[in-house]
Amino acid sequence: MAMITTSCAPSMQGSKQKKKLNVPVTSYRFDTAGNMFAYSEFELSGEPMVESLGLNLDLLKPEAVDKPSRFDYTAGIESYEYSEEAMYEVVEKSGLGIHLVNGPMIQQLASAAGKNNRELLGERIKELAEQVGYPIEQIQQNMYPTVIEYSGGDPHYTQKVDTGKFADGEKGAYTPNYQVDFASLRWDRKKMEKTLIPSAYGSTFLKQALWAGDFLGGVHTKDKDEEKEATSSSDDKDPNIGLGVSSADGMQGMILAEEIWNKLAFIHENLFYNPQTGQLEKAQGSKYDPSKGLQYLPHEVVVDEKVDDLGANAEKLTVKNPSSDLQDQWMMLWPASEYFGVMDQRDENKNINPAFRALTDGKPFPSAPKENLDQDTDNDIDSTDPYSLNRGLLLQQFRNLQTMHWNEQEGIFVTKHDGKTQGKVFDPFQAGYTVESLRIFQRAYDGLPVGYASGEDAEGLKTEEGKQALAMIQKQADFILAKLIEKNGLVANGYEIGNGKVGGQPKLLAQIGAIRGLTAAYLATKDSKYRDAARKIYVAMDQYFWDPQLKTFRTEGNQAIYDPTIAGGVSAVLRLGLTSLMNTTSDSTKPKALQRKILKERYQDFYDHVIDGPSLTEGMQASEFWDTGDLYYEKDQSGNTDKDHVPQIQKGHGKYGISPILLPVEVKLNREK
């Protein structure tokens, strides 16, 4: 959340084309699962992608619009910063969930210290700040950190956003009060959907895990705030060395890690469902054996909320939908795998970043007992340290995927399990992302780099669980190759055991899932047949779905109806095209659609026309602020100082404005003359 204080010039490229389109918002409901999933893909399609393509990140500056190129700016600034700010809206500003002051670990620490929760949380935040060398007085006021997030709500602000001047900046810009005090950024609690859905709190966990890994993946000097590469887990014993890549980023990383710790404890204590008893119960974790009785995360749990001076808390939890959904399960496996790479304390893992090891030496987080650091789960002991909680969740999720959603005979992941019987429906999108989640699981559990480095080669531990994951990845990918590809090169919309392929008009989402899954299989196994197949499907998708008038992909038939999930998937396949599937000198065929120039054009058009939209009231990105160049000036009350197509938060979509999040839209030609 860097403070930007220099002026910027407007970006007018593409405006002529934009005027040909209408991209109206179709709903103002905030979908937590879809948004946080999409913004995770936006994050990976941001700085990490352009850096992998050779860009020096020092050249990216929010005030330097479309520099060093329009593509670099769109990816490295817009996609990346939209992603970061939306996460903060959910986990620090909106109030969309249970307050961290009521978190299980905060309560446990408070009880042990003989203090109340609020006092303990204040001391805890102070301790985290000291670890990163962040001034206590600069911590944002009226923050609403969450333990676990609700499934949806209304993203409009409920009061006037405080845009008054907090401090002068450079060249006439100023820092608004709401940057340092979040009190005016709350959402309406009466309009929140107070339900706990794994894909919602799981996709938020994914955002938290990815950013925490980024922010805490290095150390810095406290006197000059200069980033340094960690050389050992004891670097922070030097009084001038702070954890985190910088003081400010380190502070955000610590808050995210604290939220994750409490989230893991809350899930462990409260949210696993026993279909035999019909009750929620404490997770069995690493010792879980599904053959002795299932225990899994149900699709929907209703929260009877209690709100007092300590913020929102769960007074009662009731299972509303006890089924197991594949999307819920992979969307929990993926973040738990990413975070395992941050909290891993196994001595046998030689690939772990020393900066991560410094997090779990007692300050600021407790280390795991030695019994939980070997490959034998039979000797594990109960522990509330973050590594043990996360490892337990990771292994229980993996075993439930194997038992409840994997059909070994067919070689497919099915979308449903009712607690007693496995379903029969295969969905390419859900299966493709399950394969990607298993790829990250295999890397994390085998001790390979994850996070932004999840494509790097290294020597792994070759665990039994890793081998099982690779076997499922390969078999699922082989099924797609053998049974799902149509004569036109596209993949079928689905498959039902006993009835075969699902017909109907081809859907963009099915192609995205197949490309995502096959590319993941290629990255995991290095078998080029999966890359070749993903390339062919991408070319067929581009030919069939790309609309040169709409300047984006149609989603089904002649329609281009986008929700956050589809937007996240499009961002992902364009990134994979640019980084894994693009034409190389060794490819025997070099289709135009996989030229990097064309892929960059597709990426740019998608962001211009679908995400930013053709006007201030259209497009998926509801609002923005200084991190993407929309600075505040006392003499400019336009609410759009960078003159683009995304309004400042106080001017967007409603009486008091709207949060910088994604809304569903329909893209269509402007028929007005």
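Among the residues of region 337-365, those identified as closer than 16 Å to Ala209 by Cα and assigned to a loop (DSSP other than H, G, I, E, B) are Asp344, Ile352, Asn353, Phe365. Residues that are over 25 Å from Glu269 (Cβ atoms) number at least 2 in the following helices (runs of 4 or more DSSP H) confined to region 378-483: 428-445, 464-479. When restricted to residues that are without any contact (Cβ under 8 Å) to a residue 60 or more places away in the chain, assigned to a loop (DSSP other than H, G, I, E, B) and at negative phi, region 484-498 contains 4. Scanning region 167-201 for residues that are open to solvent by 30 Å² or more (accessible area, probe 1.4 Å), within 12 Å of Gly97 (Cβ to Cβ) and either part of a strand (DSSP E or B) or of a type in the set (Asp, Glu) (or both) yields one hit, Glu193. Here are Ala560, Ala572, Ala540, Ala533: which of them is touching a Leu at 6+ places or on another chain (Cβ under 9 Å), open to solvent by less than 40 Å² (accessible area, probe 1.4 Å) and under 22 Å from Phe71 (Cα atoms)? Among Ala560, Ala572, Ala540, Ala533, only Ala572 is touching a Leu at 6+ places or on another chain (Cβ under 9 Å), open to solvent by less than 40 Å² (accessible area, probe 1.4 Å) and under 22 Å from Phe71 (Cα atoms).
Those residues that are more than 9 Å from Ser623 (Cβ to Cβ) and touching a Leu at 6+ places or on another chain (Cβ under 7 Å), I need them from region 643-653; list them, please. Please lay out each step first, then the result.
Our first condition is that a residue be more than 9 Å from Ser623 (Cβ to Cβ); within region 643-653, this holds for 643-645.
Of everything in region 643-653, just one residue is more than 9 Å from Ser623 (Cβ to Cβ) and touching a Leu at 6+ places or on another chain (Cβ under 7 Å), namely His645.
Only a single criterion out of (1) of a type outside the set (Gly, Ala, Ser); (2) modelled with pLDDT of 95 or more; (3) surrounded by fewer than 21 Cβ atoms within 10 Å (Cβ to Cβ) is not satisfied by Thr204, namely (3).
Considered as a group, the residues in region 628-653 that are within 25 Å of the chain's Cα centre (by Cα), modelled with pLDDT of 90 or more and open to solvent by less than 10 Å² (accessible area, probe 1.4 Å) include one that is nearest to Glu666 (Cα to Cα), and that residue is Val646. From the list Ser323, Ser337, the one residue that fits, being of a type in the set (Gly, Ala, Ser) and crowded, with 21+ Cβ neighbours inside 10 Å, is Ser337.
Does Leu663 satisfy the condition of being hydrophobic (A, V, I, L, M, F, W, C), within 26 Å of Gly152 (Cα to Cα) and open to solvent by 40 Å² or more (accessible area, probe 1.4 Å)? Don't jump to the end; show me each part of the working.
Values: hydrophobic (A, V, I, L, M, F, W, C): yes; within 26 Å of Gly152 (Cα to Cα): yes; open to solvent by 40 Å² or more (accessible area, probe 1.4 Å): no.
No: the conditions fail for Leu663.
The values are calculated or read from the model by the stated rules, or taken from the named source; none is laboratory data. On a predicted model such as this, the values are computed, not experimentally measured, just so you know. So basically every Cβ, Gly included, is an ideal-geometry build from the backbone, and we count neighbours across all protein chains shown. Just the protein is used for accessible areas: all its heavy atoms, side chains included, with ligands, DNA and RNA removed. Shrake-Rupley method; radii C 1.70, N 1.55, O 1.52, S 1.80 Å.
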